[in-house]
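Just below is one structure, and these are the notes that go with it.
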Amino acid sequence: MTTPQHPDDFLHMMRMRSASEGGIFWVDDERLAVFEPEAARRVSATNWHAFTMHDRLIDVVRRRSSTPVRWSQVRAAWLTQLHTLATAEQHGRLIERMERIIDAHLDEDVDLAMLAQDVAVRSLLPLALAGLTPDESDLVRRDLEGKLLRLVSPEPGSTFQHLRFTVVQVRSGLVVRRVLRQRADGRRRRELDLTDPFVDLLPDLGMDRALDVVTAVLTAIAGPPGTAAASLLYEFARRPEWQERLTRELTAVDPAAFRAAPPSEAPVTHRFVKEVLRLWSPPLLLVRRSKYAFDLGRTRLEPGQWYLLSPHMIHRDERVWKQPDVFDPDRFLPGASHGPADRTCYVPFGWAPKKCIGANIATVQLMALCHQLCTRYRLSVDRPQDVTMALRFAPVPENFHGRLTLR
Ligand code: HEM
């Protein structure tokens with residue numbers, strides 16, 4: 001069987017098959033869909049439990065070997081840094097960056113999906129890599145834009161575009177290498193960002209693997225946060241009753257307390273964000289290679305075979321959720337009969353031990369966007385009846401034009 005051309009059709013076909021075949025089925029000769037929540041949890045937990053960064057091609061070419069570094073060490077370094085960054089002051093800086101980017105486009109007729117992506121991605125960049133010169137920052141931003149465009153664009157780019165993206169990517173990689181080197185030898189200031197922990201780990205990691213680690217974060221912030229922000233804008237625009245509920249809550253919160261801990265200060269808004277992420281989880285599919293053999297009941301996954309995971313498929317599965325296609329944030333109220341049956345059912349940030357490290361800051365960012373939409377800006381959408389959601393690498397609102405003005 002071949003993959004149909006249009007991603008929407010492909011997703012639709014996968015959903016139909018998942019419903020009739022119990023969540024685990026061979027998509028084609030090579031790829032097993034693992035859309036059953038407990039199986040997805042189990043396969044992820046086992047497959048990645050001992051994931052280690054080994055030598056790179058350059059090591060093999062130079063006939064040298066590098067100390068193996070466990071992925072859990074890398075994640076621990078990221079999570080420690082993110083814990084330090086989880087303060088009202090740091091959240092306040094993120095929110096200010098978001099506002100600056102929106103303010104620069106006030107009253108302009110824009111593609112709202114693109115604006116949301118721009119706001120999310122550019123405001124997150126200093127968290128991943130801070131202290132760049134304007135030229136360096138411009139280059140890395142163009143690299144992030146290229147990464148996102150390649151993911152969400154409806155058309156495959158031309159060869160020339162690919163070449164241009166590759167050049168930008170290589171130059172952006174050189175910036176990261178320079179930053180790491182200069183921080184290590186004291187020519188550049190150390191920063192509170194997700195790159196800095198790897199300056200101390202450079203002797204073990206080596207420059208190539210350190211670049212891979214930083215690139216993993218840059219790639220992660222280039223994709224899901226922007227499309228999630230666009231989906232949030234899409235649902236916000238379509239739901240006047242939720243606009244009212246959010247506005248009531250967010251105009252009453254103490255801004256300082258909100259910056260420190262948005263989910264506990266604004267539970268209605270938190271539910272709204274969770275529901276947006278349930279219905280429109282990016283990325284729609286994760287493709288993984290199995291390292292072990294798995295007995296999955298009616299079939300087996302052998303080492304070396306590919307499997308697909310999908311928060312989206314789990315979130316839209318009628319065996320897992322009641323009325324999965326209905327937008328209702330109140331399903332996240334404690335004890336709601338249409339809520340998640342257990343922790344395996346709601347997985348917008350993936351599965352341990354590869355689960356998204358940015359889940360908390362992403363939630364802060366999306367809640368801050370709600371706050372801004374309810375207290376600072378007014379959103380107007382042109383021809384709302386024409387706006388649709390396209391399922392590409394992630395859900396992306398289409399024909400989503402309009403503007404933000406100051407209240
Ligand atoms: C709404 C926004 C976001 C969504 C929906 C999202 C979702 C995801 C998902 C589904 C994965 C794959 C998990 C798996 O393989 O099981 C992932 C991985 C990852 N995410 Fe996010 N993410 C978001 C924001 C962020 C942010 C803001 C950061 C950085 C601060 C980040 C950093 C990462 C990293 C580094 C990984 C790879 C983790 C690993 O390989 O161990 N993400 N994310």
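The values are calculated or read from the model by the stated rules, or taken from the named source; none is laboratory data. Note that the coordinates shown come from a computational prediction; the quantities given were computed from them, not determined experimentally. As a convention, Cβ positions derive from the backbone with ideal geometry for all residues, glycine included, and neighbour counts pool all protein chains shown. The area values use the complete protein model at the heavy-atom level, side chains included, leaving out ligands, DNA and RNA. Shrake-Rupley method; radii C 1.70, N 1.55, O 1.52, S 1.80 Å.
The numbered conditions (1) more than 10 Å from the ligand (Cβ to nearest atom); (2) under 21 Å from Asp196 (Cβ atoms); (3) of a type outside the set (D, E, K, R) are all true for Trp78 except (1). For the structure I just gave you, tell me whether Met389 is open to solvent by less than 40 Å² (accessible area, probe 1.4 Å), touching a strand residue (DSSP E or B) at 6+ places or on another chain (Cβ under 6 Å) and assigned by TED's automatic domain parsing to the domain that holds Ala116. It is true that Met389 is open to solvent by less than 40 Å² (accessible area, probe 1.4 Å), touching a strand residue (DSSP E or B) at 6+ places or on another chain (Cβ under 6 Å) and assigned by TED's automatic domain parsing to the domain that holds Ala116. The residues listed here are Pro329, Pro348; of these, the one that is in contact (Cβ under 8 Å) with a residue 40 or more places away in the chain and near the ligand (Cβ under 9 Å from one of its atoms) is Pro348. Annotation note: of Leu144, Leu192, the sole residue that is outside any helix (DSSP H, G or I), open to solvent by less than 80 Å² (accessible area, probe 1.4 Å), out of contact with any Phe, Trp or Tyr (no Cβ under 9 Å at 6 or more places or on another chain) and not charged (D, E, K, R) is Leu192. Within segment 354-376, residues that are over 17 Å from Ala116 (Cβ atoms) reach partners that are more than 8 Å from the ligand (Cβ to nearest atom) with beta carbons closer than 7 Å, at six or more positions or on different chains, in the pairs Ile357/Leu79; Asn360/Ala86; Thr375/Leu250; Thr375/Thr251.
Taking Met389 as the residue in question, decide whether it is touching a residue at least 60 places away in the same chain (Cβ under 8 Å) and in contact with a His (Cβ under 7 Å, 6 or more places away or on another chain). Judged against the criteria, Met389 is not a match. Here segment 25-41 is the region considered, the condition is being in contact with a helix residue (DSSP H, G or I) (Cβ under 6 Å, 6 or more places away or on another chain) and of a type in the set (A, V, I, L, M, F, W, C), and the residue that is surrounded by the fewest Cβ atoms within 10 Å (Cβ to Cβ) is Phe25. Contact map, segment 70-83: first residue more than 12 Å from Leu127 (Cα to Cα), second residue among the charged types (D, E, K, R) and within 10 Å of the ligand (Cβ to nearest atom), Cβ cut-off under 6 Å, separation 6 or more or different chains; the map is empty.
Looking for something away from the ligand (no atom under 16 Å from the Cβ) and free of Cβ contacts under 8 Å to residues at least 12 places away in the same chain - is there at least one such residue anywhere in segment 202-211? Yes, segment 202-211 contains at least one residue that is away from the ligand (no atom under 16 Å from the Cβ) and free of Cβ contacts under 8 Å to residues at least 12 places away in the same chain.
Exactly one residue among His270, His312, His338 is buried (at least 21 other Cβ atoms within 10 Å of the Cβ) and in contact (Cβ under 8 Å) with a residue 12 or more places away in the chain, and that residue is His312.
Within this structure, Ser66 passes the test of being in a loop (DSSP other than H, G, I, E, B), more than 22 Å from Ile357 (Cβ to Cβ), in contact (Cβ under 8 Å) with a residue 24 or more places away in the chain and open to solvent by less than 70 Å² (accessible area, probe 1.4 Å).
Going by what's in this entry, would Val287 be described as touching a residue at least 24 places away in the same chain (Cβ under 8 Å), away from the ligand (no atom under 11 Å from the Cβ), open to solvent by 10 Å² or more (accessible area, probe 1.4 Å) and outside the structural domain of Phe236 (by TED's automatic domain parsing)? Considered against the rule, which asks whether it is touching a residue at least 24 places away in the same chain (Cβ under 8 Å), away from the ligand (no atom under 11 Å from the Cβ), open to solvent by 10 Å² or more (accessible area, probe 1.4 Å) and outside the structural domain of Phe236 (by TED's automatic domain parsing), Val287 comes out as no. If only one of Thr133, Thr159 is in the same structural domain as Ser264 (by TED's automatic domain parsing) and either touching a His at 6+ places or on another chain (Cβ under 9 Å) or modelled with pLDDT of 95 or more (or both), which one is it? The conditions single out Thr133. Every test in (1) assigned to a helix (DSSP H, G or I); (2) at pLDDT below 95 is passed by Asp29 save one, and that test is (1).
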